[in-house]
Amino acid sequence: MKTLPLYIHLMKVGATWLEDAKFADPLLWSLKEIIPKPWETPELIGWNRGLSRLIQVVQTLDEFRDDLSKPWRLNPRRGMGMFRYYLAPAGVLDVRVIPEGWGLLEPGGEGFRARLVTGDDPLSLDLDPAFGHMSSYNYFEENRWLANALIEEQNANKKRSTQINAELPL
């Protein structure tokens, strides 16, 4: 179970890391309620130059071990993110336990800054986005998730518009 203040802090650290790397406005965890449970629902994901970065936030070693047993971790082709990272408090995860193809981020520096402990920084690599970085990258899953995000945003905008119209005097 996630401890809320630490979890929120880690989410802000991850979002800042994505934003600093110009991975646009990362889509955050607000969609967890609308995505069907059999599919991956990332805590943080962002896109830039045709590349995607996924960040999975874990607070404890037990939470990390639980995450490793998820179907999209056991079969990485079902998972999202061309570049994948775990974000954990400093000292919780050792680089030796990080799966192949994953990176490790820890909070570091002032404010909500993160430090890349291990893993690739996609903006420092000379990649052709058409080929992607990981052969286990699930393009379909990312697009399904993104479509749900857009639908949810459209529904939220309609609801806001309805509320505003109801408040306007006739």
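Each reported figure results from applying straightforward, stated rules to the coordinates on display, with no laboratory input. These figures come from a predicted structure and were not determined experimentally. So basically every Cβ, Gly included, is an ideal-geometry build from the backbone, and we count neighbours across all protein chains shown.
Length gained on full extension, Arg49 to Ile8: 12.0 nm, using 0.36 nm per residue less the C-alpha separation.
If I take R0 = 30 Å and measure r between the Cβ atoms of Ala147 and Arg65 in this structure, what FRET efficiency does the formula 1/(1 + (r/R0)^6) give, to the nearest 0.05? E between Ala147 and Arg65, to the nearest 0.05, is 0.45.
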